[in-house]
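J.: Mind looking over this structure? Questions follow.
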Amino acid sequence: MTIAGTDSSGGAGIQADIKTFTAFGCYGTSVITAMTAQNTTGVQGVHPSPPEFVRQQLHSVLSDVKIEAIKTGMLFDADNTVAVAASLKAHFGGPGSAMPPLVCDPVCVSTSGHTLLQPDAVKVMISDLFPITALVTPNRQEAELLLSQQDKELKISSLEDMVSAAKKLRELGPKAVLLKGGHIVITMQDIERVCSSNPDIEVVKDALLGDNMEILQASEADAATRELVVDVLHQSNGSTSIFVRPRINSTSTHGTGCTLSAAITSALARGLSIRDATSLATSYTHAGIETAFPIGSGYGPLNHMHSITLRNIPKPTLSNPHPFTRLLIKSTSKIWKEYVEHDFVKQLGQGTLRRECFIHFIKQDYHYLKYYGRAYALLGAKSPSYPAIQAAAQTMFNVVNEVKTHVSFCEQWGITEEELKSTPESSATTAYGAFIIDTGLQGDRSKLIMALAACLLGYGEVGLWLRKQASLPNSWVKWEGNPYLKWMEDYSGEHYQNAVKAGLDTIEAEAAADPPSIVRFQEWVATWERCTRLEKGFWDMALGLL
Ligand SMILES: Cc1ncc(COP(=O)(O)O)c(N)n1
């Protein structure tokens, strides 16, 4: 449900909210607090709803429809603000009627400079609405106005100011604060500076920023001085996360705040946490600006419907042959790095890895391959065409054959096949294997492909990384004479790398043939991330023997 003002030009307010709810697959209801005569150049008139009529609309909706999440936008005056807060408290005050998450976008002034919240309403918003608010989403100007009650001089002009203002705003009563930084230019250097003095801050980078990976071959200079937009989320558990994305110079920004808060509300209605909802919503809004088409002569609206397909999967090029996989890895670059540059891998490369750890690992790998083979059989069963069935079946055979190589490899380490069979499966192996099979059984073929990719691509990455490191002068990787040379040769060798290439092509083809919605993409990322984490867990387990 949105409680806000209308925008006759369709880009902000109720209209933006309903479009955004729809794009997120949610059903929207609306309570109108004011009508505006408005276009892309400004607000020409405001006609507030009488407070009794605001109450009546709220009653009509709440007495009939089960609401999963609520947002407030333009409330216009103190009377309407009181009406909204009182109605919500009355409806959700009783036993068994818990308040759904309330996102308060404290709309005060339009982009064009028109007052959308009268000065005496600010105090009421703080006293009546904030205590029942799950998340308040001010921009810089709104944050300064809200905090001016305590400190008239307060100005927010740096990332440090944003972090401290977000904390102060939290003390006004809402459970969490998202301070939006669209009006403050920030660079990577600022982020590094702030994070080095506040190591607890979580940095959530948009998929378009991130690290380079060997298997994706291309490089992209991430200039320390590139202009960024940063939003700061501070929550009641004391955690602070900052959401970072590239700045777009665009005039298609009318209704950005409404859209962002409506997107967060939708994601909360779908059950995401505030942090994950914010991450998804900032991506969605960014893509809306990026893909907007010009409407009107002033500040035009965003494109709300881009998420029907995933934005921005660039076409493959020579320098970026696997754009979708790149997006996937960049979306999870932190955990991916922890996996592929794990201490287990480093010690293996140095040749210092303890023999027991390696033996534990290859024994468990023997069990894991069983799940992995079965999962490809399941993928075959879910494949729509002969070539797709063939590809899945072929990989299943490759895995089964790999087991034979694995058994003879283990023999060289003094482990018989009998011993492999009788080794109990560790929890990390069962967890990972079961997760893959479970993902496959849930029904979505693409999700299963994402689940299987973390293993395939990760080992390919490890092989290439170690080989590349070994080729550098004075390298920490010991190649010749390393007891694990054969393992490194296998995973960096042509045979395995060809399998990686085939896997990359499958993922790219899957994404190109049926580009996912942003919500579905997020599900793919979540699956991929779970498997990356489980892979890391597999190596933690092997090192845990120490
Ligand atoms: C009805 C209504 N609600 C909110 C806004 C703020 O949007 P923006 O800051 O983009 O002008 C607006 N212009 N109109």
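J.: Could you tell me whether segment 268-277 includes any residue that is aliphatic (A, V, I, L, M) and farther than 26 Å from Ile67 by Cα? First the steps, then the outcome.
T.: First, the residues of segment 268-277 that are aliphatic (A, V, I, L, M): 268-269, 272, 274, 277.
Retained after the next criterion (residues that are farther than 26 Å from Ile67 by Cα): none.
No, every residue in segment 268-277 fails to be aliphatic (A, V, I, L, M) and farther than 26 Å from Ile67 by Cα.
J.: Of the residues that sit in segment 212-261 and are in a loop (DSSP other than H, G, I, E, B) and among the acidic types (Asp, Glu), which one is modelled with the highest pLDDT? Even if it seems obvious, please write down each step before you answer.
T.: So in segment 212-261, the residues in a loop (DSSP other than H, G, I, E, B) come out as 212-213, 217-227, 236-239, 247-253, 255.
Narrowing further to those that are among the acidic types (Asp, Glu): 220, 222, 227.
On the way: Glu220: 45, Asp222: 50, Glu227: 85.
So, considering only residues that are in a loop (DSSP other than H, G, I, E, B) and among the acidic types (Asp, Glu), the one modelled with the highest pLDDT is Glu227.
J.: Can you tell me which residue among Thr72, Thr6 is in the same structural domain as Ser97 (by the TED database), of a type outside the set (A, V, I, L, M) and open to solvent by 10 Å² or more (accessible area, probe 1.4 Å)? First the steps, then the outcome.
T.: Details: Thr72 fails: open to solvent by 10 Å² or more (accessible area, probe 1.4 Å).
Within the list Thr72, Thr6, the selection yields Thr6.
J.: Something else: Is it the case that some residue within segment 322-331 is over 30 Å from Asp206 (Cα atoms) and either touching a residue at least 60 places away in the same chain (Cβ under 8 Å) or open to solvent by less than 20 Å² (accessible area, probe 1.4 Å) (or both)?
T.: no
J.: Also, I was wondering about something else. Of all residues in segment 511-521, which are modelled with pLDDT under 85 and either outside the structural domain of Tyr376 (by the TED database) or open to solvent by less than 60 Å² (accessible area, probe 1.4 Å) (or both)?
T.: Result: Pro515, Pro516, Ser517, Ile518, Val519, Arg520, Phe521.
J.: Could you grab me the full set of residues in segment 378-397 that are surrounded by fewer than 16 Cβ atoms within 10 Å (Cβ to Cβ) and within 21 Å of His495 (Cβ to Cβ)?
T.: Hits for segment 378-397 are Gln390, Gln394, Phe397.
J.: Do you know which residues across segment 99-109 are surrounded by 19 or more Cβ atoms within 10 Å (Cβ to Cβ) and within 16 Å of the ligand (Cβ to nearest atom)?
T.: Of the residues in segment 99-109, the ones surrounded by 19 or more Cβ atoms within 10 Å (Cβ to Cβ) are 101-108.
Val103, Cys104, Asp105, Pro106, Val107, Cys108, listed by residue number.
J.: Moving on to the next point. Show me the helices (runs of 4 or more DSSP H) found entirely inside segment 345-432 where at least 3 residues are among the polar types (S, T, N, Q). Spell out how you get there, then give the answer.
T.: Working: elements: 355-381, 386-412, 417-422.
By residue number, 386-412.
J.: Turning to a different aspect of this structure: Of the conditions (1) crowded, with 24+ Cβ neighbours inside 10 Å; (2) outside any helix (DSSP H, G or I), Ser297 fails just one. Which one is it?
T.: (1)
J.: Considering every residue within segment 128-147, establish whether at least one is buried (at least 19 other Cβ atoms within 10 Å of the Cβ), at pLDDT 95 or above, away from the ligand (no atom under 16 Å from the Cβ) and in a strand (DSSP E or B).
T.: yes
J.: Moving to a separate point now. Within segment 9-45, restricting attention to residues that are assigned to a strand (DSSP E or B) and of a type in the set (Val, Ile, Thr), which residue is surrounded by the fewest Cβ atoms within 10 Å (Cβ to Cβ)?
T.: Our first condition is that a residue be assigned to a strand (DSSP E or B); within segment 9-45, this holds for 30-39, 42-45.
Pick out the ones that are also of a type in the set (Val, Ile, Thr) and you get 31-33, 36, 43.
On the way: Val31: 26, Ile32: 18, Thr33: 30, Thr36: 24, Val43: 23.
Looking at the filtered set, the residue picked out is Ile32.
J.: Right, another one. Could you list, in sequence order, the residues of segment 255-292 that are surrounded by fewer than 24 Cβ atoms within 10 Å (Cβ to Cβ), without any contact (Cβ under 8 Å) to a residue 40 or more places away in the chain and farther than 15 Å from Ala526 by Cα?
T.: Thr291
J.: Within segment 77-98, take every residue that is touching a residue at least 12 places away in the same chain (Cβ under 8 Å) and open to solvent by 60 Å² or more (accessible area, probe 1.4 Å) and give me the one that is farthest from Met125 (Cα to Cα).
T.: His91
J.: Further question on the same structure: Residues to consider are Ser261, Ser252, Ser236, Ser241; find the one that is in contact with a Lys or Arg (Cβ under 6 Å, 6 or more places away or on another chain) and within 15 Å of the ligand (Cβ to nearest atom).
T.: Numbers: Ser252 fails: in contact with a Lys or Arg (Cβ under 6 Å, 6 or more places away or on another chain); Ser236 fails: within 15 Å of the ligand (Cβ to nearest atom); Ser241 fails: within 15 Å of the ligand (Cβ to nearest atom).
Every option except Ser261 fails the conditions.
J.: In segment 370-377, is there at least one residue being on the phi > 0 side of the Ramachandran plot and open to solvent by 10 Å² or more (accessible area, probe 1.4 Å)?
T.: Here is the first cut: in segment 370-377, the ones on the phi > 0 side of the Ramachandran plot are none.
No, the conditions are met nowhere in segment 370-377.
J.: Now, a different point. Assess whether Asn498 counts as being at positive phi, of a type outside the set (Gly, Ala, Ser) and modelled with pLDDT under 95. Steps first, please.
T.: Working: at positive phi: no; of a type outside the set (Gly, Ala, Ser): yes; modelled with pLDDT under 95: yes.
So Asn498 does not fit the description; no.
J.: Being assigned by the TED database to the domain that holds Ile329 and within 18 Å of Gln364 (Cα to Cα) is true for just one of Ser446, Ser427, Ser475. Which residue is that? Write out each step before concluding.
T.: Working: Ser446 fails: within 18 Å of Gln364 (Cα to Cα); Ser475 fails: within 18 Å of Gln364 (Cα to Cα).
Result of the check over Ser446, Ser427, Ser475: Ser427.
J.: Of the numbered conditions (1) assigned to a strand (DSSP E or B); (2) open to solvent by less than 60 Å² (accessible area, probe 1.4 Å), Val54 fails exactly one; give the number of that condition.
T.: Among (1) assigned to a strand (DSSP E or B); (2) open to solvent by less than 60 Å² (accessible area, probe 1.4 Å), the lone unmet condition for Val54 is (1).
J.: Please list, ordered by first then second residue, the pairs with beta carbon atoms under 6 Å, 6 or more apart or interchain, first in segment 108-119 and in the same structural domain as Gln44 (by the TED database), second near the ligand (Cβ under 7 Å from one of its atoms) and of a type in the set (Gly, Ala, Ser).
T.: Filtered contacts from segment 108-119: Leu116/Ser110.
J.: Tell me the helices (runs of 4 or more DSSP H) entirely within segment 434-546 that contain at least 2 residues that are within 16 Å of Thr325 (Cα to Cα) and over 21 Å from the mean Cα position of the chain (by Cα). Before you say what the answer is, go through the steps one by one.
T.: Values: elements: 445-471, 485-492, 494-513, 518-543.
Filter on segment 434-546 gives 445-471, 494-513.
J.: Separate question: Exactly one condition in (1) open to solvent by less than 60 Å² (accessible area, probe 1.4 Å); (2) closer than 20 Å to Ile329 by Cβ is not met by Lys468; state its number.
T.: The one condition Lys468 does not meet is (1).
J.: Considering only segment 112-126, state which residues are crowded, with 20+ Cβ neighbours inside 10 Å and within 16 Å of the ligand (Cβ to nearest atom).
T.: Leu116, Leu117, Ala121, Met125
The values are calculated or read from the model by the stated rules, or taken from the named source; none is laboratory data. As the structure is a computational prediction, the values presented were derived from the model and not from experiment. Using ideal geometry, Cβ is built from the backbone for each residue, glycine included, and neighbour counts are taken over all protein chains shown. Note: accessible area is taken over every heavy atom of the protein model, side chains too, but ligands, DNA and RNA are not part of it. Shrake-Rupley method; radii C 1.70, N 1.55, O 1.52, S 1.80 Å.
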